[in-house]
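One structure below.
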Amino acid sequence: MCGIVGYIGGNQAVPVLLEGLKKLEYRGYDSAGVAIGGSRICVRKYKGRLSVLAKHLSSENLDGTMGIGHTRWATHGEPSDMNAHPHINKTGGIAVVHNGIIENYMQIKAFLIEKGCTFVSETDTEVLAHYIDYFYDGDLTEAVRKVLREIRGSYAFAVISDKEPDRIVCVKKENPLIIGAGEGENFIASDIPAVLNQTRNIYLLEENELAVVKKDQIIFYNESGGVVEKEKFEINWDVSAAEKGGYEHFMLKEIHEQPKAVRDTMYARVKREEPGIKLDKITLTNEMLRKISRIYIVACGTAYHAGMVAKQALENMTGIPVEVAIASEFRYVCPTVNRDSLTIVISQSGETLDTLMALKEAKKKGSRVLSIVNVQGSTIARESDDVLYTRAGPEIAVASTKGYTSQLTAIYQLALYLACLKGSLSETEIEEIKSEMLKLPEKIEKILEKQEEIRSFAKQYASIEDVFYLGRGLDYALALEGSLKLKEISYIHSEAYPAGELKHGTIALIVPGTVVIAILTQNALYEKMISNIREVKARGAFVLAIAQEDMGEVESVADHVIFIPRVDARLAPVVGIVPMQLLAYYMAAERGCDVDKPRNLAKSVTVE
Ligand code: F6R
């Protein structure tokens with residue numbers, strides 16, 4: 001989704017801003033622009049890829065050592081040069097870049113039009129530039145504060161003024177914004193990779209904080225205007241973790257990073273030589289757990305699919321009833337959340353606004369919140385009572401892969417941890433599951449060795465337009481994730497169904513040649529799945545099965561089988577998803593799709 005960068009220092013701003021924006025490309029966008037500050041502000045912005053902006057900028061010399069830049073993902077108004085950011089006031093002396101939505105912009109716009117402002121774009125952002133101008137009385141920070149009192153919504157934005165060219169003023173509310181601290185120069189950005197080539201020292205803006213960023217000084221203010229002292233934190237991951245490292249796409253690299261992501265997520269928590277599970281930073285006590293009558297899980301997209309697996313793991317291992325809800329639906333479908341609930345929030349980015357709003361709703365109703373998050377210091381992590389970090393490293397491709405498998409790994413840890421607290425599993429059972437978990441990375445490695453087999457299958461079937469994914473129990477949760485991976489990056493229509501449900505209507509769509517992907521990782525459901533495969537075969541479907549190694553008989557029913565190593569059925573999703581990720585990847589690559597940045601999608605979804 002939209003990306004913000006800013007620079008103020010001694011170097012030329014254009015290359016720094018372009019480099020930062022490049023690192024934010026993965027978030028998804030449809031136009032890009034920069035405003036270079038000084039005693040006169042120059043704005044350049046264009047629809048299309050960053051390369052379009054870079055090409056225009058290369059033909060002129062925009063001199064200036066401070067500026068702001070933006071990649072826009074359209075919400076209010078189509079992708080166009082005019083709607084691209086930065087937006088300016090009528091004199092062009094104030095420029096703004098913004099991420100999020102100003103919900104009451106229509107009223108403000110009407111007010112400003114009455115005061116004589118003319119609007120040139122359809123965006124909500126443009127009101128910010130005019131409104132700051134309306135309040136401006138020689139102090140940019142004060143004008144921004146006045147605007148903050150009037151606007152509603154969720155946003156991060158950065159402003160520059162030609163009257164105060166020594167500063168960038170920026171604000172964060174429910175949208176990410178970080179500040180990178182350098183020597184005689186400072187940076188702002190929506191995400192850490194954008195500044196990592198420049199500095200490893202980062203400040204995180206908290207909710208409703210405002211920062212005045214100058215080249216030698218950064219001052220942070222809280223909502224009531226008081227100065228806030230902040231700790232820098234140092235990024236310890238490598239820049240190369242956010243680069244492709246020889247792979248054609250980030251997605252393929254991240255699929256291959258899964259053994260490491262799973263291993264790292266278990267590190268120091270799941271140990272063969274120590275009993276139980278160690279989750280150091282979790283403050284949930286046995287006493288608190290005893291009061292919890294129900295667990296709610298909230299998440300979106302892939303993280304929601306991980307939540308479906310979590311429901312079964314938690315119910316089986318702890319006996320506590322679990323509801324799982326799509327975050328944007330949470331407030332409508334889970335009205336019973338209360339003080340006796342534990343809400344588990346799952347999010348790779350830690351910035352998904354739907355998920356954050358569900359978290360706030362749960363807190364408002366008195367629930368304790370534990371989040372499973374990948375990005376350290378993200379808003380969801382900071383708003384939660386407890387955080388269990390996955391350690392997947394930066395996930396850049398829009399389609400989540402290592403994010404998902406590391407979420408599953410964290411979920412199993414949490415389920416075991418709660419089972420230990422509650423005494424709902426015996427020590428032997430706990431040690432058995434742990435020992436199976438520790439084998440997961442090498443099982444994923446085994447599947448990665450089948451890359452060529454999957455690639456040649458994808459090559460053969462890349463032109464299909466419909467696919468059905470079928471599974472039962474945990475395999476249905478896997479089917480949903482496999483189907484989402486395929487559709488989001490290859491644009492092939494696909495649907496996931498509980499295998500037994502197909503006959504209640506959807507089987508009407510199965511005709512000779514329809515491709516069906518049947519998932520069989522659950523030994524207990526094997527026979528029923530075989531019957532469901534026979535049903536679609538009888539209608540002429542082509543069946544690709546994904547099955548555990550010991551399910552040899554499936555070969556006599558399906559047209560092609562990809563075998564996964566034998567794995568404890570409870571943990572099978574971590575292994576079973578990998579061939580489906582590779583299949584989606586190769587289908588999309590074969591069709592010439594922009595795998596890492598699929599159309600209409602954004603990595604971090606910061607609008608509701
Ligand atoms: C799909 C995908 C999305 C995200 C969803 C939630 O591949 O990546 O469905 O899973 O937008 O994102 P996070 O986990 O960052 O909250």
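A short reminder: the numbers here are calculations on the coordinates, not readings from a lab. Predicted, not measured: the structure shown is a model, and the values here were computed from it. Virtual Cβ from ideal backbone geometry, glycine too; neighbours counted across all protein chains shown.
Note down the relative contact order for the chain as a percent, whole number, built from C-alpha pairs under 8 angstrom at least six residues apart.
Answer for the chain is 12 percent.
Take the alpha-carbon centre of the range 128-200, take the same for the range 435-473, and report the distance between them in whole Å.
Cα centres, the range 128-200 to the range 435-473: 45 Å.
Can you run phi through the Karplus equation (6.51, -1.76, 1.60; θ = phi - 60°) for the range 585-596 and list ³J(HN,Hα) in whole Hz, with x for Gly and Pro?
For the range 585-596, the Karplus curve yields 4, 6, 4, 5, 5, 4, 7, x, 7, 7, 4, 6 Hz.
Counting Lys +1, Arg +1, Asp -1, Glu -1, what net charge surrounds D280 among other residues with beta carbon under 13 Å of its beta carbon?
+2
Show that you can apply the helix-only estimate: for the chain, add -39,500 (n - 2.57) for every DSSP H stretch of four or more residues, divide by all residues, and state [θ] at 222 nm to the nearest 500.
Value at 222 nm, helices only: -11000 deg cm²/dmol.
In the neighborhood of V467, defined by Cβ-to-Cβ distances under 9 Å, what is the net charge if each Lys or Arg adds +1 and each Asp or Glu adds -1? Intermediate results must be reported in sequence, preceding the final value.
Values: positive: K487; negative: E465, D466, E495.
Once all neighbours under 9 Å are counted, the net charge is -2.
Under the Karplus relation 6.51 cos²θ - 1.76 cosθ + 1.60, θ = phi - 60°, what is the ordered set of whole-Hz ³J(HN,Hα) values for the range 149-154, x standing for Gly and Pro?
Karplus-based 3J(HN,Hα) across the range 149-154 equals 5, 9, 8, 10, x, 10 Hz.
How many lysine pairs in the range 301-404, separated by 8 or more positions in sequence or lying on different chains, have Cα atoms less than 24 Å apart?
Lysine pair count for the range 301-404: 5.
Taking the DSSP beta bridges in the chain as the whole, what percent of them are antiparallel, to the nearest 5?
60 percent
Find the eigenvalues of the gyration tensor of the Cα atoms of the range 560-608, then list the square roots of 5 times those eigenvalues as equivalent ellipsoid semi-axes, largest first, in whole angstrom.
28, 18, 6
I'm a student and want to see the number: the projected area of the Cα convex hull of the chain, averaged over all directions, in nm².
Taking a quarter of the hull surface, the average projection is 27.8 nm².
Looking at the range 242-438, what % of its DSSP beta bridges pair antiparallel, to the nearest 5?
Antiparallel: roughly 5 percent of the beta bridges in the range 242-438.
Excluding G366 itself, what net charge comes from residues whose Cβ is under 10 Å from its Cβ, given Lys and Arg +1 and Asp and Glu -1?
Summing Lys and Arg as +1 and Asp and Glu as -1 gives +4.
Return the Cα extents of the range 341-421 along principal axes one, two and three, sorted largest first, each rounded to a whole Å.
36, 32, 18
Which value, in debye to the nearest 20, gives the size of the charge dipole of the chain about its Cα centre, when Lys and Arg are +1 and Asp and Glu are -1 at the Cβ?
My answer is approximately 420 debye.
If the reach is capped at under 14 angstrom between alpha carbons, list the aspartates and glutamates near K260, excluding any in the same chain fewer than eight residues apart.
E395, E442, E445
Based solely on C-alpha atoms, express the radius of gyration and the Dmax of the range 3-236 in angstrom.
That works out to 16.0, 52 Å for Rg and Dmax.
Within the range 448-590, how many Lys pairs that are eight or more residues apart, or on different chains, come under 21 Å at the alpha-carbon?
7
Calculate, in whole percent, how much of the Cα-Cα pair population of the range 242-438 lies beyond 27 Å.
For the range 242-438, the fraction of Cα-Cα distances above 27 Å is 25 percent.
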